[in-house]
Amino acid sequence: MTRAQWRTWQAHTVDLLAALVGIVMACALVGRSRATHHRHANPKPRMHGPHPKAQHPAELTAAERAQVLELLNSDEYADLSVTQVWARELDAGRYWCSERTMHRILAAAGQSGERRRQATHPPRKIPELVAEAPNIVWSWDITKMRGPTKGIWYHAYVVLDIFSRCVVAWRIETIEDGTLAADLVAEAITEQGTAPEYLHADGGAAMTSKPLASLLVDLDVTRSHNRPRTSNDNPFSESQFKTMKYTPDYPERFASIGEARAWMAQFTDWYNHEHRHSGIGLHTPASVHYGTAHEVRDQRQAVLDAAYAAHPERFNRRPNPPKLPEKATINDPAKRTQTSQLENA
């Protein structure tokens, strides 16, 4: 017996017993709920169409709601929040409805978003830089170094050539300052004997300062900046800082600014002249920057050729040293164009 058949039998049996023992006893004997029996025995008539909604006595009429919406959209109040409108109308001796009701009226009209006129800014341009030789694009940034106690920091200014990864200038100060940054860039240009075509940095105060901007204009150097909150737009400086702070002898704190400068001088000498950088064919930055990397690669090739001639069975193919860099890019325009073409295909 299915459940539906069982319920039908229960209802029929209750009807038969009710004449003898009454509905209450009949339902108890059969095991059927009295409320269920009465509901099935006296069903409510089915309503067709939408149920009429009874209007609450406190509800605004359609005309009143239209007046409130017109008030909120008036020239006087269009840029103000609901709270401001409600308070100003109350001060003027007029009460229309509660703040919550005003919000409901705006929501029903599809106007529940920000009401104030807000300034809009065009999207920041993506920096696209290509360097095919040293002193074409320099990247610079400032990183903090812990001082002797909590709350004391030293600021390391570092200027880097992105093609060779060579640190062309640095200084450590107690503050971030645009004048100090301009002096550092000027010193780097004097030492290199030439100015770069581009100087790239993030959007910090020192990077966008007037002293530095004036210097770059005078030297015909194009400024380039990161997009807001986009550290990937300055990958070379970020990578150099990581190498610096992950060296084994990088201290937890520097006892003085003099100690910080002495450590930085030693690190920069090691980084430029001893560190074999994976991004430039495992050459030192100084070798690539000053043009001796080709001689070093030829020497490496001679060593590998000799090893191959002595024991060719130890190699799958004739060995070659890592290639020298052909270019360094920030947001490579060629790759971005190719990606855009693939997306539009």
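The values are calculated or read from the model by the stated rules, or taken from the named source; none is laboratory data. All values reported here derive from a predicted model rather than from experimental measurement. Glycine also receives a Cβ, built like all others from the backbone with ideal geometry; neighbour counts cover every protein chain displayed.
Quick look at the numbers
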quantity	calculated
Listing of helices (runs of 4 or more DSSP H) fully contained in the range 1-41 that carry 2 or more residues being loosely packed, with under 12 Cβ neighbours inside 10 Å	3-21, 34-41
Residues within the range 80-112 that are over 36 Å from the mean Cα position of the chain (by Cα) and either small (Gly, Ala, Ser) or assigned to a loop (DSSP other than H, G, I, E, B) (or both), tallied	8
Residue match in the range 315-335 (condition: closer than 27 Å to ASN135 by Cα, touching an Asp or Glu at 6+ places or on another chain (Cβ under 6 Å), assigned to a loop (DSSP other than H, G, I, E, B) and not assigned by TED's automatic domain parsing to the domain that holds PRO134)	yes
For GLU70: the one exception among (1) surrounded by 12 or more Cβ atoms within 10 Å (Cβ to Cβ); (2) under 44 Å from the mean Cα position of the chain (by Cα)	(1)
Residues that are crowded, with 17+ Cβ neighbours inside 10 Å, within 19 Å of THR284 (Cβ to Cβ) and of a type outside the set (S, T, N, Q), drawn from the range 183-192	ALA188
Residue among TYR250, TYR198 that alone is touching a Ser or Thr at 6+ places or on another chain (Cβ under 6 Å) and either surrounded by 12 or more Cβ atoms within 10 Å (Cβ to Cβ) or not assigned by TED's automatic domain parsing to the domain that holds ALA169 (or both)	TYR198
Residue list for the range 2-29, filter: of a type in the set (Ser, Thr, Tyr) and touching a residue at least 12 places away in the same chain (Cβ under 8 Å)	THR13
Leading residue by the ranking (farthest from the chain's Cα centre (by Cα)) among those in the range 196-227 that are of a type in the set (A, V, I, L, M) and more than 11 Å from TRP138 (Cβ to Cβ)	LEU219
Residues being out of contact with any Phe, Trp or Tyr (no Cβ under 6 Å at 6 or more places or on another chain) and over 20 Å from SER139 (Cα atoms) - total across the range 238-275	18
ALA260 being farther than 20 Å from ALA169 by Cα, in contact (Cβ under 8 Å) with a residue 24 or more places away in the chain and not basic (Lys, Arg)	no
Only listed residue being at negative phi and within 29 Å of the chain's Cα centre (by Cα), chosen from THR268, THR284, THR329	THR329
Scope the range 100-126; condition of a type in the set (A, V, I, L, M) and surrounded by fewer than 18 Cβ atoms within 10 Å (Cβ to Cβ); matching residues	ALA107, ALA108, ALA109, ALA119, ILE126
Pair list, Cβ under 8 Å, 6 or more apart: the range 113-134 residue within 30 Å of THR194 (Cα to Cα) and part of a loop (DSSP other than H, G, I, E, B), other residue among the hydrophobic types (A, V, I, L, M, F, W, C) and at pLDDT 90 or above	PRO127/ILE330; GLU128/ILE330; GLU132/PHE163; ALA133/PHE163; PRO134/PHE163; PRO134/CYS166; PRO134/VAL288
Condition met for ARG229 (in a loop (DSSP other than H, G, I, E, B), more than 26 Å from THR149 (Cα to Cα), out of contact with any His (no Cβ under 8 Å at 6 or more places or on another chain) and charged (D, E, K, R))	yes
The range 240-280: number of residues that are in contact with a Leu (Cβ under 9 Å, 6 or more places away or on another chain) and of a type outside the set (A, V, I, L, M, F, W, C)	2
Considering residues of the range 56-79 that are aliphatic (A, V, I, L, M) and in a helix (DSSP H, G or I) only, the residue nearest to GLU114 (Cα to Cα)	LEU72
Selection from the range 127-182 of residues that are touching a Leu at 6+ places or on another chain (Cβ under 6 Å), surrounded by fewer than 19 Cβ atoms within 10 Å (Cβ to Cβ) and over 19 Å from SER239 (Cα atoms)	GLU173
Verdict on VAL158 being in contact with a helix residue (DSSP H, G or I) (Cβ under 7 Å, 6 or more places away or on another chain), closer than 30 Å to THR268 by Cα and at pLDDT 95 or above	yes
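Here is a yes/no grid of residues against (1) closer than 23 Å to GLY147 by Cα; (2) surrounded by fewer than 16 Cβ atoms within 10 Å (Cβ to Cβ):
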residue: ARG223; (1), (2): no, yes
residue: PHE254; (1), (2): yes, no
residue: GLY258; (1), (2): yes, yes
residue: TRP263; (1), (2): yes, no
